[in-house]
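A.B. asks: Here it is, the structure, as structure tokens.
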């Protein structure tokens, strides 16, 4: 007998928390699934882990095959980073989503992030209703389906497309608003999912609970004592992150109650989260370190002298504005730059936007590409630097300014290895100014031949894997102190996830050998009895451990 397959993602759900809370009796539905089925840990890419995780899952392939490492492309001729496509997702032209199975299978996909609407899906598809970082504009197949759902159930009040899925730890009102919005979003998501599940007996139903991703990013410091802000902000008797996961667990129970009783069920996470050790280091510290590396004696980030005493982590001066708007307060600017900024700000209300932008360009004040991202502060110097940091949101990404590859390269091919080695050595000397512990876990060289122009290689020459601790101030024995820098999001990605599978033929209480997130797609296809494409890097993870 053919059994339907139901797969539900818990976006970015951290397995260490999930396992702890299940054992303590908090997540009853997940614990029940685990008892009735098979459970195992997953790993994902250790570098580009935040950017590539969903594409790895949706294709069953690693980035070396898809060429998708990040939502950004770097142009070595213009030195400009640019968002790929219309919104940054992989285009799926070479490798389609694994669920694009043609007429033989009835498939429903609701609100998966970073995917596409495929004409090879026989069923229904909805994207960007309320997913975290969907990287695609809202649409559906049939075309009116998403609008009908919004009309019946409402919009998601904390969606990424309208920049409503964030808060700032130092603004308690914004944290509380996000908490309430995520609650409403989860209620609406649950109702929509139950509706779609009940419409027919789908061969495959795929969805994702995106709220777990956002909740961990912004409530981590209120839950986990390891974070430096916990003692300053949290109530030990109240854990909003746990409470939210309990709500998610209840919603999961409601969703699965609407599924066929004989369904094969998978609940999974393709990556997790921990203390945010990446935002400050990847976005601010790495760029400043590379600026000082290229221009010894110069600096851009206002920083304390080495050895200065550090008090508690500080909030930015304006507790009602967002982190990205506040960050420029830490940037050193000359008096002439400040004057030009004041002039432009004064003229903005009286000049048409087009004329104001042209004047800014003439004054040398036009915003750089991706001006919101701190790496953009250094953009005008990239062509003069030996190496610079590319924009990213998880690991640190370093591009060597190589002669013959970059249009204004300054590092010769003969010097390339020596520059990489020097950078790696200096990076490993960076320490947390508060603890003296190293902040770099590993530096990965991404290419054997720096002149290789294969478009499937990442843009970075070096990927910096940071340690696990949240850090606001970094000391370098050669380049001095960088910081303090006020904290941004308090949770950030880890390259670990989990899967629990229950259904006919799956052994109750069994344990799966640790697998890779790319193994999920072929596992699902095998459960469906669908063909597994030869190009997939992943392999079914149940067949050798569970009777299917």
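A.B. asks: Just the C-alpha atoms of the range 112-252: what Rg/Rh do they give, with Rh taken as the Kirkwood radius?
C.D. replies: Computed over Cα atoms, the ratio is 1.02.
A.B. asks: Here is a further query. For the range 84-163, max minus min Cα coordinate along each principal axis, in Å, sorted largest first?
C.D. replies: Its Cα atoms span 36, 31, 15 Å along the three principal axes.
A.B. asks: Along its principal axes, what span do the Cα atoms of the range 128-175 show, with the longest given first and each in whole Å?
C.D. replies: Taking max minus min along each principal axis of the Cα atoms, the range 128-175 gives 43, 23, 11 Å.
A.B. asks: Going by alpha carbons, how many degrees (0 to 90, nearest 10) lie between the helix axis of 240-257 and the longest principal axis of the chain?
C.D. replies: 30
A.B. asks: Can you give the FRET efficiency to the nearest 0.05 for residue 371 and residue 422, using r as the Cβ-Cβ distance and R₀ = 25 Å?
C.D. replies: 0.25
A.B. asks: Something else about it: Rounded to two decimals, what is Rg over Rh for the range 279-488 when you use alpha-carbon atoms and the Kirkwood radius?
C.D. replies: The Rg/Rh ratio comes out at 0.99.
A.B. asks: Quick one: compute the contact order of the range 390-499, relative version, from alpha carbon pairs under 8 angstrom and 6+ residues apart, as a percent.
C.D. replies: This gives 27 percent for the range 390-499.
A.B. asks: Shifting gears a bit: Measuring from centroid to centroid over Cα atoms, what is the spacing of the range 262-289 and the range 64-95 in Å?
C.D. replies: If we compute the Cα centre of each part, the gap is 20 Å.
A.B. asks: Further question: Quick one: which of 449-455, 310-316, 522-528 comes out on top by average Cβ neighbours within 10 Å, and what's the full order, highest first?
C.D. replies: Order by mean packing, descending: 522-528, 310-316, 449-455.
A.B. asks: Compute the helix-to-body angle for 49-59: its Cα long axis versus the longest principal axis of the chain, expressed 0 to 90° and rounded to tens.
C.D. replies: The angle comes out near 30 degrees.
A.B. asks: Could you work out how far helix 413-427 tilts from the main Cα principal axis of the chain, as a 0 to 90 degree angle to the nearest 10?
C.D. replies: For 413-427 against the chain, the angle is about 80 degrees.
A.B. asks: Taking every Cα atom in the range 367-518, find the radius of gyration and the maximum pairwise distance Dmax, and write them in Å.
C.D. replies: Just the Cα atoms of the range 367-518 yield Rg and Dmax of 19.6, 62 Å.
A.B. asks: Continuing with this model, one more query. Just how far, in whole angstrom, is the range 373-427 from the range 489-548 if you go by their alpha carbon centroids?
C.D. replies: That distance is 38 Å.
A.B. asks: Between residue 299 and residue 539, take the C-beta separation as r, use R0 = 51 Å, and let me know the FRET efficiency to the nearest 0.05.
C.D. replies: 0.55
A.B. asks: In addition: Helix-only mean residue ellipticity at 222 nm, the chain, DSSP H runs n ≥ 4 weighted -39,500 (n - 2.57), per residue, nearest 500. What is it?
C.D. replies: Using -39500 (n - 2.57) per qualifying helix, the result is -9000 deg cm²/dmol.
A.B. asks: Which of rounded, prolate, oblate describes the range 1-140, given a ≥ b ≥ c as roots of the alpha-carbon gyration tensor eigenvalues and a/c under 1.5 marking rounded, otherwise prolate only if a/b is larger than b/c?
C.D. replies: oblate
A.B. asks: Per 10 Å bin from zero, what fraction in whole % of the C-alpha pairs of the range 249-335 is there, up to the bin with the longest pair?
C.D. replies: For the range 249-335, the binned pair fractions read 11, 28, 23, 13, 13, 11, 3, 0 percent.
A.B. asks: Suppose we keep just the DSSP beta bridges with both residues in the chain; what percent of those would be antiparallel, to 5?
C.D. replies: Around 60 percent of the beta bridges assigned by DSSP in the chain are antiparallel ones.
A.B. asks: How large is log10 I(q)/I(0) at q = 0.06, 0.07, 0.08, 0.10 Å⁻¹ when the Debye formula is applied to the Cα atoms of the chain, each weighted equally and without solvent?
C.D. replies: Result of the Debye calculation: -0.31, -0.42, -0.55, -0.86.
A.B. asks: Which whole-number percentage describes the relative contact order of the chain, with Cα contacts under 8 Å and a sequence gap of 6 or more?
C.D. replies: Relative contact order of the chain: 26 percent.
Any read-out appearing in this document is the output of simple, stated calculations on the displayed coordinates, not a laboratory observation. Since the model is a prediction, treat every value here as computed from it, not as a measurement. So basically every Cβ, Gly included, is an ideal-geometry build from the backbone, and we count neighbours across all protein chains shown.
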